[in-house]
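Novice: Sending over a structure as C-alpha cells; questions will come in a sec.
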Amino acid sequence: MAIIASLPANLLVALLLISIALYAISTSDEIKKRFKLSAINKPLPGDPAKVKEPDAPVSVNYFPSRKCNYTCGFCFHTETSSYVLPIDEAKRGLRLLKEAGMRKLNIAGGEPFLYPRLLSELLSYCKEELGVESISIVSNGSKIKETWLRDNGQWLDILAVSCDSFNPETNKKIGRGDDGGNVVRLFAIAEWCQQYGIKFKLNTVVNAHNWDEDMVANIEQLAPFRWKVFQCLIVAGENDDATRKRDARNFLVTDAQWQTFLSRHKHIPCCVPEDNQSMASSYLLLDEYMCFLDKGEGMMTKSESILQVGVKEAMKQVVWDKKSFVERGGVYDWRRSDMPQSGGCGGDGGKKELEW
C-alpha cells in the first residue's frame with residue numbers, strides 16, 4: 001500500500017484505466033453470450049436461447065359462439081358459454097389474424113346461422129375491408145335461408161353442411177334435430193349454392209350409428225366439391241365422460257368400423273377422410289373469446305386472447321402442426337373462382353395441397 005501511495009497521481013489514474021479496460025475485455029465474451037440479439041431484439045440464428053417463431057395462421061377455424069340448436073352426442077365444442085364477442089372486437093381480432101398471415105377463415109360453432117346478422121357483418125368486413133382470400137361456414141343446415149344466401153353469397157366462398165346420415169331416424173339418434181327434415185333441407189341448400197356461385201361441401205362424422213350406412217348414391221346426387229369424413233373424436237374436458245354436457249364414448253367406432261365405412265366410399269373422388277390422429281393438432285381453433293384451443297394430448301387447453309397478447313404470442317401457447325395440416329389436405333382450391341363448372345363431386349375436392 002505504501003508503494004502505491006508513493007506513485008504520482010497521474011500514474012495512478014493510468015493504472016486504474018488500464019484495469020477497467022482489462023476487466024471489460026475479459027467479460028465481453030460472457031456479455032455477448034447472454035445478450036447476443038439482432039437489431040429487432042431477437043436471438044441470432046444458432047443461439048441456444050432462440051425461440052422458434054410460430055408459423056403464419058394460414059387457415060383459422062373461428063367459433064364466434066358455442067350456442068347450438070342441435071344436441072349431437074359426439075360434439076366436442078359444446079355450449080358451455082353463451083358469450084358472443086362485441087362486433088368491433090371481433091373485427092379487431094380478424095384484422096390481427098389477417099395481418100399475421102391468415103388466408104382462409106372458417107366460421108363454425110355452435111350453429112353460426114343462429115346469428116345471421118353477425119355472419120353478414122363478419123363476411124362483408126373480411127372480404128371488403130380485409131381482403132381475406134377465402135371464407136367458409138360450417139352449419140348443421142337447419143337455419144339456412146335462401147334469402148340470406150342471395151344477399152350474402154357474394155362474400156362466401158364455401159358453405160359446408162354437416163350430414164351424418166340420410167336416414168331420418170339415424171339423425172334423431174345422433175341428435176341432429178327431431179323433425180326428420182335434414183335431408184330435404186340439404187338438397188335445397190345444395191341447389192341454392194349452385195345458384196349463387198358458392199362451393200357446396202359436406203362434413204360427415206363416422207360414429208356408432210352410421211358406420212354401416214351406404215351413402216354413395218346420395219353423395220353422388222348432391223355432388224359436393226369436397227366431402228370431409230371424420231372419425232368420431234374424444235376431446236378431454238369436452239365430451240369425454242358423463243360429467244360433460246356430451247359424452248361421446250358411446251359414439252366411438254372401432255378401427256375396423258372406420259375402415260369399413262371408408263372402403264365403401266373411398267372411390268368417390270371428393271372424399272377426404274380424417275382419422276383421429278390427423279385431426280389432433282392440425283387445426284388452428286379460435287374460440288368465442290379469440291383464444292386458440294389446443295385439443296391434442298390430454299385436456300383441451302387454451303391460449304390467452306389474441307386481443308390481449310397478439311396472434312404470435314397466443315400461437316406460442318398452443319400446438320399447431322403445420323406439416324399435419326398440409327398432409328391432411330388443409331390447403332386446397334378454396335376460392336369461388338376455382339369452382340368446377342360442372343359443380344360435381346370429383347372436381348378439385350381430391351387435391352391434397354397447392355403451392356404453399
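Novice: What's the number of the only condition in (1) under 18 Å from G110 (Cβ atoms); (2) surrounded by fewer than 17 Cβ atoms within 10 Å (Cβ to Cβ) that I144 fails to meet?
Specialist: All conditions pass for I144, except number (2).
Novice: Out of all the residues in region 160-175, is one or more surrounded by fewer than 19 Cβ atoms within 10 Å (Cβ to Cβ) and within 29 Å of L97 (Cβ to Cβ)?
Specialist: no
Novice: If you don't mind, another one. When region 173-194 is examined, which residues are found to be in a loop (DSSP other than H, G, I, E, B) and touching a residue at least 24 places away in the same chain (Cβ under 8 Å)? Spell out the reasoning first.
Specialist: Taking region 173-194 and keeping what is in a loop (DSSP other than H, G, I, E, B), we get 175-181.
Within region 173-194, G175, R176, G177 qualify.
Novice: Then there's this: Report, by residue number, each residue of region 327-356 that is open to solvent by less than 30 Å² (accessible area, probe 1.4 Å) and modelled with pLDDT of 70 or more.
Specialist: R328, G329, G330, V331, Y332, D333, W334
Novice: Follow-up question, since we're still on this one. Among (1) of a type outside the set (D, E); (2) surrounded by 15 or more Cβ atoms within 10 Å (Cβ to Cβ); (3) in contact (Cβ under 8 Å) with a residue 40 or more places away in the chain, which single condition is V216 missing?
Specialist: (2)
Novice: Would you check which residues across region 62-83 are modelled with pLDDT of 90 or more, over 24 Å from N182 (Cα atoms) and either assigned to a strand (DSSP E or B) or among the polar types (S, T, N, Q) (or both) and list them?
Specialist: Listed by number, the list holds a single entry, Y62.
Novice: Condition test on V309, is it β-branched (V, I, T), modelled with pLDDT under 85 and either surrounded by fewer than 17 Cβ atoms within 10 Å (Cβ to Cβ) or in contact with a Pro (Cβ under 9 Å, 6 or more places away or on another chain) (or both)? Quick ask: steps written out before the conclusion?
Specialist: On the way: β-branched (V, I, T): yes; modelled with pLDDT under 85: no; either surrounded by fewer than 17 Cβ atoms within 10 Å (Cβ to Cβ) or in contact with a Pro (Cβ under 9 Å, 6 or more places away or on another chain) (or both): yes.
Considered against the rule, which asks whether it is β-branched (V, I, T), modelled with pLDDT under 85 and either surrounded by fewer than 17 Cβ atoms within 10 Å (Cβ to Cβ) or in contact with a Pro (Cβ under 9 Å, 6 or more places away or on another chain) (or both), V309 comes out as no.
Novice: Scan D88, D151, D157 and give me the residue that is at pLDDT 95 or above, among the charged types (D, E, K, R), out of contact with any Pro (no Cβ under 8 Å at 6 or more places or on another chain) and within 25 Å of K228 (Cα to Cα). First the steps, then the outcome.
Specialist: Details: D88 fails: within 25 Å of K228 (Cα to Cα); D151 fails: within 25 Å of K228 (Cα to Cα).
Only one candidate passes the filter, namely D157.
Novice: What's the total number of residues in region 131-151 that are within 19 Å of F63 (Cα to Cα), without any contact (Cβ under 8 Å) to a residue 60 or more places away in the chain and not in a loop (DSSP other than H, G, I, E, B)?
Specialist: 3
Novice: What are the pairs with Cβ atoms under 6 angstrom where one residue, in region 104-129, is in contact (Cβ under 8 Å) with a residue 60 or more places away in the chain and the other, located anywhere, is among the polar types (S, T, N, Q) and open to solvent by less than 30 Å² (accessible area, probe 1.4 Å)? Sequence gap at least six, or different chains.
Specialist: The qualifying pairs are K104/S59; K104/S134.
The values are calculated or read from the model by the stated rules, or taken from the named source; none is laboratory data. Since the model is a prediction, treat every value here as computed from it, not as a measurement. Ideal geometry is used to build each Cβ from the backbone, glycine not excepted, and the neighbour counts take in all protein chains shown. Ligands, DNA and RNA are excluded from the accessible area calculation, which covers all protein heavy atoms including side chains. Shrake-Rupley method; radii C 1.70, N 1.55, O 1.52, S 1.80 Å.
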